[in-house]
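Beneath this line is the structure, given in structure tokens, with notes to follow.
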Amino acid sequence: MNIAVLSGKGGTGKTTVSTNLSIILDSNYIDCDVEEPNGFIFLRPEEINVRGVEVDIPVISKDKCTLCGDCVKVCNFNALGKSKSKIIVFDKLCHGCGTCRLACQKGALKYDKKTIGIIEEGIKGNIVCKRGVLNISEPMAVPILRELLQELPSGINILDSPPGTSCNVVNTLEYADKAILVTEPTVFGLHDLKMAIELVKMFKIPFGLIINKYDDGNVLLENFIEKESIDVLGYIPYNKKAAKVYSKGNMLIDIFEYKEIFQDIAGNIREVIL
């Protein structure tokens, strides 16, 4: 069972919810926010194993290349360019699809491996913790996401999704059986929540909602929830005590009243979406 935790925008508390629920539900934690993974800061897994993630990058043989430009013409990602003297490879745009090699009639194209990031896996008590880390300056996270999600541990996996509704989130949802949406009681939070809901509905994934940094009186959010008949799994209040604990890289469930809140949320998750 894979449960994606996502939000329409960053900063709503998606990772806070994911890490604390992983402990409460005794579930594996998979950090899919490979551009800025920070769940390990809170979970602090041990016995971490690291392996690289490689992609294929075209290499042009100067001896065989006739500068016909066929490879440039078929590249849908503008990863190849033709100058007067050579074919230029823009490796950060390359998706490794192999079309250019098929188009080359002279056999002037081959592929070399390039490392774009890593996968890390460790343990926290009884749970497996995994994350992908994209190298600085690398633009494409999808290859790391796919490798991260191909071999998931057995049991319940909490997929801490990237923020927003980009292709990285879409690739994460392809592996999700259920979803938990996290929002905040603000106009911006509601706006982006609507986009996240459209996305999970497109995938036909059952979902519930957690409202973080909750305070009373947000009529717009409450009216939307009632109108759309959304299952609310729980409310996480904001206070300075929680903010201080979070800022030190500690878990909210270390605070007794917040542990009770997450236990109630876990109970609702079992009833509503599991």
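Couple of notes before you dig in:
- Scanning region 177-193 for residues that are surrounded by fewer than 24 Cβ atoms within 10 Å (Cβ to Cβ) and modelled with pLDDT of 95 or more turns up ASP177, LYS178.
- Tally, over region 31-76, of residues that are of a type in the set (A, V, I, L, M, F, W, C) and over 30 Å from TYR175 (Cβ atoms): 8
- Single residue of VAL72, VAL128 found to be of a type outside the set (Ser, Thr, Tyr), crowded, with 19+ Cβ neighbours inside 10 Å and out of contact with any helix residue (DSSP H, G or I) (no Cβ under 7 Å at 6 or more places or on another chain): VAL128
- When ASP254, ASP177, ASP231, ASP215 are checked against the criterion of being among the acidic types (Asp, Glu) and closer than 14 Å to LEU21 by Cα, a single residue qualifies: ASP254.
- Single match in ILE41, ILE24, ILE30 (criterion: under 23 Å from ILE119 (Cβ atoms) and out of contact with any strand residue (DSSP E or B) (no Cβ under 9 Å at 6 or more places or on another chain)): ILE41
- Among residues of region 90-127, those that are touching a Pro at 6+ places or on another chain (Cβ under 7 Å) and among the β-branched types (Val, Ile, Thr), counted: 2
- Under the condition of being of a type in the set (D, E, K, R), surrounded by 14 or more Cβ atoms within 10 Å (Cβ to Cβ) and not in a strand (DSSP E or B), the residues counted in region 27-43 number 2.
- Screening the candidates LEU134, LEU148 for the property of being buried (at least 19 other Cβ atoms within 10 Å of the Cβ) and out of contact with any Lys or Arg (no Cβ under 7 Å at 6 or more places or on another chain) yields one hit, LEU134.
- Pairing residues of region 69-89 that are basic (Lys, Arg) with residues that are part of a helix (DSSP H, G or I), at Cβ distances under 8 Å and at least 6 apart in sequence or on separate chains, gives LYS73/ALA103; LYS82/VAL72.
- Any hit, region 14-23, residues being among the small types (Gly, Ala, Ser) and in contact with a helix residue (DSSP H, G or I) (Cβ under 9 Å, 6 or more places away or on another chain): yes
The values are calculated or read from the model by the stated rules, or taken from the named source; none is laboratory data. These numbers were taken from a predicted model, which means no experiment stands behind them. Don't worry about glycine lacking a Cβ; one is built from the backbone with ideal geometry, like all the others, and counts go over all protein chains shown.
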